[in-house]
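Notes for the one structure printed next.
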Amino acid sequence: MAKIYCVANQKGGVGKTTTSVNLAAGLAAQRQRVLLVDLDPQGNASMGSGIDKQSLTVGVYQVLLGLAHVSEARQRAQKPGYDVLPANRDLSGAEFELVDMDRREHCLKKALAEVASEYDFILIDCPPSLSLLTLNGLCAAHGVIVPMQCEYFALEGLSDLVNTIKQVHANLNSDLEVIGLLRVMFDPRVTLQQQVSAQLVNHFGDKVFKTIIPRNVRLAEAPSYGLPGVSFDPSSRGARAYIEFGAEMIRRVGATTTAL
Ligand code: ATP
Ligand code: MG
């Protein structure tokens, strides 16, 4: 049965999508069966997996509203081979349409239950807000992966996210926990980044992943080719870091390796 993780941080542009797509690819490269859910109307995780969001007719929007099954809406990202439940701008309408629905925070959880046995990992790329879409992600998940840049303001935003996670844990999903904080876009030459990184480890201990994702231009170039950085340039420092992060996740959750 799949372990389900949200990649969440309400701050924009902190590396959520880059982490979701490359962790999906990194896990797939290590023979894990992966479904990547694009829960952001920007559709960046879909595009970054080579799926054309403009021509999408069935995606996560229809799934959330109960108009389609995941099995009808998912598409295959060929390199290195993982499934994607794609999104485009239609999804922004779901915020309003979900409001009137019964158990509106649990729509994604209900939909994913149908396919959970087909995967080892389901990863959910959340939008940069603590909206009803993000709540659906948090209610469906066993844990949260929080990508963050080692900057002063990163710590401020973190307390809002941790409070939301605590509230969801108390009221909606008692399985939910923070799996870990992932340091991304890291530049060791910047003293402030080193200081914030050390502060994070002091404060959060082993909730900080050992793997550090460096700032690496190949990761930023890859989406324009419709590929995860891990597939676009496997020998780049960024790709190798995400493969290592995949291995750390497998160790952390004790997932079994499934032969393809
Ligand atoms: P949003 O909040 O808009 O969804 P996000 O948190 O998903 O954004 P990304 O889209 O993953 O953030 O990354 C923001 C930008 O930073 C992108 O242009 C991406 O290519 C770039 N980027 C992410 N990680 C790295 C990295 N390790 N090295 C270099 N560039 C990176
Ligand atoms: Mg994003």
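The values are calculated or read from the model by the stated rules, or taken from the named source; none is laboratory data. These numbers come from a predicted model, not from an experiment. Here Cβ is always computed from backbone atoms with ideal geometry, including for glycine, and neighbour counts include all displayed protein chains. The accessibility values were calculated without ligands, DNA or RNA, using every heavy atom of the protein model including side chains. Shrake-Rupley method; radii C 1.70, N 1.55, O 1.52, S 1.80 Å.
Miscellaneous remarks
- Residue in segment 115-122 that is farther than 23 Å from G254 by Cβ and not in a helix (DSSP H, G or I) present: no
- Members of segment 165-200 that are out of contact with any Phe, Trp or Tyr (no Cβ under 8 Å at 6 or more places or on another chain), surrounded by 15 or more Cβ atoms within 10 Å (Cβ to Cβ), more than 16 Å from H142 (Cβ to Cβ) and free of Cβ contacts under 8 Å to residues at least 40 places away in the same chain: F186
- Selection over segment 32-72 of residues that are modelled with pLDDT of 95 or more, within 18 Å of V21 (Cβ to Cβ) and away from ligand 1 (no atom under 16 Å from the Cβ) gives a count of 5.
- Among the residues listed as E105, E156, the single one being among the acidic types (D, E), part of a helix (DSSP H, G or I) and more than 30 Å from P214 (Cα to Cα): E105
- Condition met for A170 (more than 16 Å from ligand 2 (Cβ to nearest atom) and either among the acidic types (D, E) or under 22 Å from D83 (Cα atoms) (or both)): no
- Under the condition of being exposed (fewer than 15 other Cβ atoms within 10 Å of the Cβ) and in a helix (DSSP H, G or I), the residues counted in segment 70-94 number 3.
- Only one of V63, V99, V34 that is open to solvent by less than 10 Å² (accessible area, probe 1.4 Å), away from ligand 2 (no atom under 15 Å from the Cβ) and without any contact (Cβ under 8 Å) to a residue 60 or more places away in the chain: V63
- Residue check, I165 part of a helix (DSSP H, G or I) and away from ligand 2 (no atom under 16 Å from the Cβ): yes
- Segment 41-60, subset open to solvent by less than 10 Å² (accessible area, probe 1.4 Å) and of a type in the set (A, V, I, L, M), residue farthest from F96 (Cα to Cα): I51
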